[in-house]
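The block underneath contains the structure these notes are about, expressed in structure tokens.
Here, each number is a calculation from the coordinates, and none is a lab measurement. Fair warning: this is a prediction, and the values are worked out from it, not measured in the lab. Cβ atoms come from the backbone with ideal geometry, glycine included; neighbour counts cover every protein chain shown.
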Amino acid sequence: MKVHFISIGGSVMHQLAIALKKKGYQITGTDDEIFEPALSNLRESGILPENIGWNSELITPDLDAVILGMHARADNPELLKARELGLPIYSFPEYIYQESVQKKRIIVGGSHGKTTTTSMIMHVLKEQGMAFDYLVGAKLTGFEQSVQITYAPVIVCEGDEYPASVLEKRPKFHFLFPHVAILTGIAWDHINVFPTFDFYLEQFVIFIQKIEPGGILIYNDTDPVLVELIEKNKRSDIQYQAYGIPQHEIKNGSTTLEVNGIKGVLSVFGNHNLMNAMAAYYACLQLGISAEAFLQSIANFTGAAKRLELLAKSDVTNVYRDFAHAPSKVKATVEAVKKQFPERKLIAILELHTYSSLNVNFMNEYKGVLDGVDEAVVFYAKHALEIKKMPDLPADKVKEGFGNDALIVLNDKSELLNWLMKINRVNANILFMSSGNYDGLNINSLAEEIMPTSS
């Protein structure tokens with residue numbers, strides 16, 4: 001197989017290119033910019049482009065496939081030539097499906113918890129010694145890459161609802177046709193892509209319709225929006241498996257999960273992670289993995305990168321980082337930390353970084369999400385607004401949206417550092433929540449700096 005990548009430097013695209021090279025395919029690719037870690041990864045794999053920029057001479061009639069990344073524009077010269085030659089052109093998810101036509105496909109969708117649930121399934125399958133391929137949106141301990149394509153009989157994919165490519169505007173998870181589908185919940189986000197909630201909901205209706213006949217939909221029945229959507233779009237040719245918050249016990253900061261009368265201690269915590277674990281269990285059950293085997297395997301799962309990741313710890317303080325940015329994710333993360341450590345003060349620093357979160361018209365969606373926090377800061381960089389060409393976001397509008405007059409709103413990272421150093425951090429958990437980087441702050445080193453040494 002000869003495969004060419006347009007925009008090979010993308011975070012997931014370059015991982016697929018490397019995976020196909022390992023499978024024995026002949027790979028070429030181009031991009032107009034390639035940054036680390038893609039640059040080093042491609043170089044080590046021997047498929048780093050000789051020159052930066054597009055090269056239509058690489059588009060030849062003998063190519064079996066051209067894979068088009070999100071970064072490429074519609075007038076890309078390589079894309080134009082590929083269309084002129086009538087070559088097969090695929091978006092990333094379309095090509096993943098081509099590679100998995102003969103596999104059993106487990107696809108995890110939903111507005112939140114996709115990465116963690118996918119990671120849990122992958123972790124258990126690996127612990128059980130099963131052969132499988134995968135696609136996940138984060139770095140996982142024990143996995144060299146975020147994409148693997150081999151000749152395994154099973155593939156586990158994180159399936160998101162955002163557009164597949166510049167040519168194919170339909171959501172990625174519409175192209176994966178699951179045998180085992182998971183929906184973790186629905187909460188409106190990314191209003192620049194989905195301007196109305198009804199339009200957003202429709203994408204999940206279509207996903208349900210894409211489940212293979214005889215397949216199964218595993219869904220979160222604590223989400224009334226999702227439950228109503230499923231009831232209105234019921235299919236007679238698939239099975240349904242509901243899940244919610246399972247039986248569990250929290251003692252001395254440790255969570256024990258119970259499944260079918262069997263108990264196991266988890267390394268992660270929070271109601272959202274308990275539900276993620278149940279979704280993962282029901283998926284693994286479809287592959288013949290028992291409750292006992294599942295609990296034994298999931299015990300040492302510590303989470304995906306930036307998902308309630310413990311950055312620093314002492315006897316009196318823990319510092320966590322979480323990818324939470326959408327309202328439902330922020331609320332779930334706050335509740336998880338507060339419930340796990342009820343005796344500790346909770347300090348939260350939420351960065352607004354996405355188009356939705358920086359949009360004044362979306363701010364009311366955050367109402368009440370930080371109410372469980374003892375001291376809260378909302379941070380957003382003026383630079384982020386400028387890059388996204390968005391108008392200024394007044395602090396009073398942020399406080400009004402969150403419904404919290406005591407909220408501290410900051411735009412300058414030095415002010416954020418000063419605030420962090422001044423507050424009492426003893427007997428506290430400090431929670432950084434963002435899909436960005438706080439205007440360039442090194443959160444890993446900062447976590448150590450702000451760690452109090454004694455009570």
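Partners of residue 23 within straight-line reach, counting aspartates and glutamates whose Cα lies under 20 Å from its Cα and excluding those fewer than 8 residues away in the same chain: 44, 62, 64, 94, 99, 133, 144. Students often forget the sequence filter, so: which lysines lie under 18 Å Cα-Cα from residue 399 once same-chain residues fewer than 8 apart are removed? Within the straight-line cut-off, residue 399 pairs with 331, 367, 382. Applied to the range 369-376, the Karplus parametrisation 6.51 cos²θ - 1.76 cosθ + 1.60 on θ = phi - 60° returns per-residue 3J(HN,Hα) values of 5, 9, 5, x, 9, 7, 9, 10 Hz, with x for Gly and Pro. Grouping the Cα pair distances of the range 340-450 into 5 Å bins from zero gives a pair-distance distribution of 2, 11, 23, 24, 20, 13, 5, 1, 0 percent in increasing distance order. Annotation: average projected area of the chain is 22.1 square nanometres, based on the convex hull of Cα atoms across all directions. When only the Cβ of Lys, Arg, Asp and Glu is charged (+1, +1, -1, -1), the dipole of the range 95-298 relative to its Cα centre reaches about 260 debye.
For the range 95-298, the Kirkwood estimate of the hydrodynamic radius, built from every pair of different alpha carbons, is 17.3 Å. Residues 383, 112, 179 in ascending order of nearby Cβ atoms (within 10 Å, fewest first): 383, 179, 112. Against the empirical curve 2.2 N^0.38 Å, the C-alpha radius of gyration of the range 2-87 lands at a ratio of 0.98. Here the gap between residue 415 and residue 248, fully extended at 0.36 nm per residue and compared with their Cα-Cα distance, gives a gain of 56.0 nm.
Residues whose amide H comes within less than 5 Å of that of residue 133, counting only those at least five positions distant or on another chain, are 154, 155, 156 (H built at 1.01 Å from N in the peptide plane). Note: relative contact order over the range 177-335, using C-alpha pairs below 8 Å and six or more positions apart, is 17 percent.
Normalised by the number of residues in the range 308-455, the mean separation of alpha-carbon contacts (under 8 Å, six or more apart) gives a relative contact order of 37 percent. Straight-line reach from residue 81: which lysines fall under 26 Å, measuring Cα to Cα and dropping same-chain residues less than 8 apart? List returned: 2, 21, 169, 172.
With contacts taken as Cα pairs under 8 Å and at least 6 residues apart, the chain reaches a relative contact order of 12 percent.
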